[in-house]
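Here's the structure, in structure tokens; my notes come after.
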Amino acid sequence: ETRERLSVCSKLCYAVGGGPYQITGCALGFFLQIYLLDVAQLDPFYASIILFVGRAWDAVTDPMVGFFISKTSWTRFGRLMPWIIFSTPFAVISYFLIWFVPDISRGQVMWYLVFYCIFQTLVTCFHVPYSALTMFISREQSERDSATAYRMTVEVLGTVLGTAIQGQIVGKVITPCIESPFFIGKSNSSVAMEELNMTHDTGSLTDTRNAYMIAAGVIGGLYILCTVILSVGVRERRESSELQSDKPVSFFQGLKLVMNHGAYIKLIAGFLFTSLAFMLLEGNFALFCTYTLGFRNEFQNILLAIMLSATLTIPLWQWFLTRFGKKTAVYVGISSAIPFLIMVAVLDSNLIVTYIVAVAAGISVAAAFLLPWSMLPDVIDDFKLQHPDSHGHEAIFFSFYVFFTKFTSGVSLGISTLSLDFAGYQTRGCSQPSEVNVTLKMLVSAVPVGLILLGLLLFKLYPIDEEKRRKNKKALQDLR
């Protein structure tokens with residue numbers, strides 16, 4: 001038992017590896033939609049295509065990478081670590097090019113689509129093996145849970161960094177907006193004034209584009225630093241996931257076994273809807289703060305309040321799940337977001353109230369971050385007891401969980417951007433029609449609340465409670 005214990009340094013180095021995925025994912029999740037619409041000035045229809053295809057492709061790459069990892073031979077660096085190391089430099093380059101506005105009259109849509117898909121592929125080559133690494137750092141369930149808590153704290157801190165770096169650098173530059181054409185006068189003097197404003201706007205827009213590229217450069221540097229710390233400080237242990245009776249099973253046989261495992265399917269079904277609720281909120285929150293609430297120059301600080309609150313409450317939820325159980329933590333933690341999501345849409349625009357709601361909502365975001373990754377290892381242990389002759393499927397469990405959440409989030413973001421197009425969204429508008437504001441309220445309040453309630457209802461079917469976890473732990477020790 002002493003040999004199986006992980007040092008605090010090892011846990012911290014492992015946790016730091018979760019930073020790149022969350023830092024880049026948060027920056028893209030919160031800012032890519034508003035960047036494509038108001039900075040790159042793409043039509044909402046084309047922006048919806050980029051967001052949907054990029055997320056859908058991202059989802060497809062997860063099981064693909066999981067398949068190739070299962071076929072990868074062990075090296076002296078491990079089976080998972082080479083994927084993480086070699087994908088990093090190419091991922092950083094493609095990430096930077098997402099935030100670059102090419103000086104071409106045609107082909108901008110293809111530019112963003114191609115580099116968005118390339119980046120999603122490369123970051124998947126980092127994140128799937130990193131997620132599966134949980135099962136290779138220790139045999140002890142308690143040590144894996146502890147390392148997962150460290151990881152979730154750093155990942156939520158990564159979302160804070162992503163939000164802070166992107167938001168604060170971009171927020172220093174005021175993105176110019178254009179008044180609705182209905183309010184533009186028809187006299188020659190008004191036309192001259194409009195041309196003058198457009199010239200000023202073009203200069204300001206260049207500053208905004210430069211700010212996005214600076215933020216991308218800083219985030220890219222952090223991506224490389226986190227990879228170096230992970231690769232130097234963590235040792236991948238082959239024996240940590242193997243049982244005495246292990247025999248190799250093919251990928252497709254393993255996939256069939258995994259998809260027939262009831263506890264895994266029920267866990268995925270529950271988190272599919274709750275994760276989708278928070279992703280929908282994330283994708284539309286910047287537009288909601290900018291136009292519906294009218295906090296054009298404050299939205300980056302509101303996002304930062306949410307993420308700081310989430311980071312500080314991760315240890316609280318770790319204590320809660322060890323004290324009261326993971327299923328109880330799911331019901332209490334995720335459902336606590338519902339009253340605040342309703343409140344932010346129903347109450348009149350008030351900056352102080354918005355900050356209070358943001359801090360309270362961050363507490364629920366922390367639970368939504370921690371719990372899926374804390375419960376997946378329990379499902380894998382349960383699977384190993386039922387199939388002791390099958391091994392090497394950790395990447396399948398993690399990659400297909402991410403596949404389902406990403407694919408549905410891609411569909412939801414594509415539909416939400418199309419909904420804004422149908423509602424009459426005006427690119428770079430200083431204000432939006434009332435139909436757009438109503439649509440944004442639905443996308444950040446009513447729809448997420450419905451998805452959370454549906455997800456919690458499905459969690460009633462999840463079979464692994466605390467008593468079941470204890471029995472599985474004892475049985476695994478005997479089997480080893």
When you scan region 398-414, do you find a residue that is in a helix (DSSP H, G or I), farther than 17 Å from S275 by Cβ and in contact with a helix residue (DSSP H, G or I) (Cβ under 7 Å, 6 or more places away or on another chain), even just one? no
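Determine whether region 105-112 contains at least one residue that is in the same structural domain as I23 (by the TED database), β-branched (V, I, T), part of a loop (DSSP other than H, G, I, E, B) and open to solvent by less than 70 Å² (accessible area, probe 1.4 Å). Give the steps one after another, and end with the answer.
We begin by selecting, within region 105-112, every residue in the same structural domain as I23 (by the TED database); these are 105-112.
Filter once more, keeping what is β-branched (V, I, T): 109.
With part of a loop (DSSP other than H, G, I, E, B) added as a condition, the list becomes none.
No.
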Contact list please: Cβ distance under 9 Å, first residue in region 16-39 and over 19 Å from W373 (Cα atoms), second residue open to solvent by 10 Å² or more (accessible area, probe 1.4 Å) and of a type in the set (K, R), pairs at least six apart or on different chains. L37/R428; D38/R428; V39/R209; V39/R428
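Results for (1) closer than 30 Å to L440 by Cα; (2) of a type in the set (A, V, I, L, M), shown as yes or no for each residue.
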{"site": "C13", "(1), (2)": "no, no"}
{"site": "G17", "(1), (2)": "no, no"}
{"site": "C26", "(1), (2)": "yes, no"}
{"site": "L42", "(1), (2)": "yes, yes"}
{"site": "V53", "(1), (2)": "yes, yes"}
{"site": "P63", "(1), (2)": "no, no"}
{"site": "V101", "(1), (2)": "yes, yes"}
{"site": "V109", "(1), (2)": "yes, yes"}
{"site": "Y112", "(1), (2)": "yes, no"}
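Criterion first (open to solvent by less than 40 Å² (accessible area, probe 1.4 Å) and touching a Phe, Trp or Tyr at 6+ places or on another chain (Cβ under 9 Å)) does L456 satisfy it?
Working: open to solvent by less than 40 Å² (accessible area, probe 1.4 Å): yes; touching a Phe, Trp or Tyr at 6+ places or on another chain (Cβ under 9 Å): yes.
Considered against the rule, which asks whether it is open to solvent by less than 40 Å² (accessible area, probe 1.4 Å) and touching a Phe, Trp or Tyr at 6+ places or on another chain (Cβ under 9 Å), L456 comes out as yes.
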How many residues are open to solvent by 100 Å² or more (accessible area, probe 1.4 Å) and in contact (Cβ under 8 Å) with a residue 24 or more places away in the chain when one looks only at region 460-480? 1
Only residues in region 65-94 that are β-branched (V, I, T) count as the first member; pair them with residues that are open to solvent by 50 Å² or more (accessible area, probe 1.4 Å), Cβ under 8 angstrom, at least 6 apart or cross-chain, and list the lot. V65/W83; I69/W83; T72/W83; I85/F77; T88/I224; V92/I224
Which residue, of F96, F90, F31, is under 21 Å from T417 (Cα atoms) and at pLDDT 85 or above? F31
Within region 320-333, identify whether any single residue is among the aromatic types (F, W, Y) and within 24 Å of L51 (Cα to Cα), and answer yes or no. no
Going by the structure shown, is S142 at pLDDT below 70 and in a helix (DSSP H, G or I)? no
For L157, state whether it is in a helix (DSSP H, G or I) and either at positive phi or open to solvent by 10 Å² or more (accessible area, probe 1.4 Å) (or both). yes
When you scan region 39-63, how many residues do you find that are open to solvent by 10 Å² or more (accessible area, probe 1.4 Å), more than 19 Å from the chain's Cα centre (by Cα) and more than 17 Å from L413 (Cα to Cα)? 1
Of the residues T274, T311, which is farther than 23 Å from Y462 by Cβ and of a type in the set (S, T, Y)? T311
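Any residue that is open to solvent by 70 Å² or more (accessible area, probe 1.4 Å), farther than 19 Å from F285 by Cα and of a type outside the set (A, V, I, L, M, F, W, C) - is there at least one of those in region 12-24?
Going through region 12-24, the residues open to solvent by 70 Å² or more (accessible area, probe 1.4 Å) turn out to be 12.
From the residues that got through so far, the ones that are farther than 19 Å from F285 by Cα too are 12.
Next, only the ones that are of a type outside the set (A, V, I, L, M, F, W, C) stay: none.
Looking for residues that are open to solvent by 70 Å² or more (accessible area, probe 1.4 Å), farther than 19 Å from F285 by Cα and of a type outside the set (A, V, I, L, M, F, W, C), one finds none in region 12-24, hence no.
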Take F403 and tell me if it is touching an Asp or Glu at 6+ places or on another chain (Cβ under 6 Å) and outside the structural domain of V60 (by the TED database). yes
If you check G410 against the conditions, is it farther than 21 Å from K473 by Cβ, open to solvent by less than 10 Å² (accessible area, probe 1.4 Å), modelled with pLDDT under 85 and under 18 Å from the mean Cα position of the chain (by Cα)? yes
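The values are calculated or read from the model by the stated rules, or taken from the named source; none is laboratory data. Quantities reported herein were computed from a predicted structural model and do not represent experimental measurements. Here Cβ is always computed from backbone atoms with ideal geometry, including for glycine, and neighbour counts include all displayed protein chains. These accessible areas exclude ligands, DNA and RNA; they are computed on the full protein's heavy atoms, side chains included. Shrake-Rupley method; radii C 1.70, N 1.55, O 1.52, S 1.80 Å.
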